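First comes the structure, then the notes that go with it.
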């Protein structure tokens, strides 16, 4: 593990996510929650879609199923509650990133992707929870 590379990727992911969420909150505030729901599912799909061969691990399958369940559940909730639920979902996805083991033979992702994604997940989760 390259601590300085991972720290920089974590900060870059968080910075990008904060900038994107600020833009969404200003430009399309009425769509922010829906975009966060779709984004959570997309984030969970990145790992399986980046595989060099078709297939998913049990962890990837459970993560994608959980993201879908959170997103679908949030759609039916009042906006403040939906944002909090999605915020927790995004923060939980950071845990998956933290345990992701990069294997260049399996994935096309750069070695710093998991750290950058974790930074983005934590930032988006915090902003959604605090905006509620």
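Numerical summary
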quantity	calculated
Stokes-Einstein diffusion coefficient of segment 1-49, Kirkwood radius over Cα pairs, 10 °C, 1.306 mPa s, in µm²/s	128 µm²/s
Burial order of peptide ranges 52-58, 116-122 (average beta-carbon count within 10 Å, highest first)	116-122, 52-58
Binned Cα-Cα distance frequencies in the chain - 10 Å width, integer %	13, 43, 32, 11, 0
Length-normalised contact order for the chain - Cα pairs under 8 Å, 6+ apart - percent	40 percent
Crossing angle, helix 58-75 versus the chain [Cα axis fit, 0-90 degrees, rounded to tens]	10 degrees
GNM top mover of 72, 28, 85 - the chain, alpha-carbon springs below 10 Å	28
Distance between modelled label sites at residue 98 and residue 19, nm, 7 Å Cα→Cβ extension	2.7 nm
The chain, helix-only ellipticity at 222 nm - DSSP H runs n ≥ 4, -39,500 (n - 2.57), divided by all residues, nearest 500	-26500 deg cm²/dmol
Between helix 3-27 and the chain: long-axis angle, C-alpha atoms, 0 to 90°, nearest 10	30 degrees
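Computed from the coordinates by the stated procedures, all read-outs in this text should not be read as laboratory data. Just so it is clear, the structure is predicted and the values come from calculations on it, not from any experiment. Here Cβ is always computed from backbone atoms with ideal geometry, including for glycine, and neighbour counts include all displayed protein chains.
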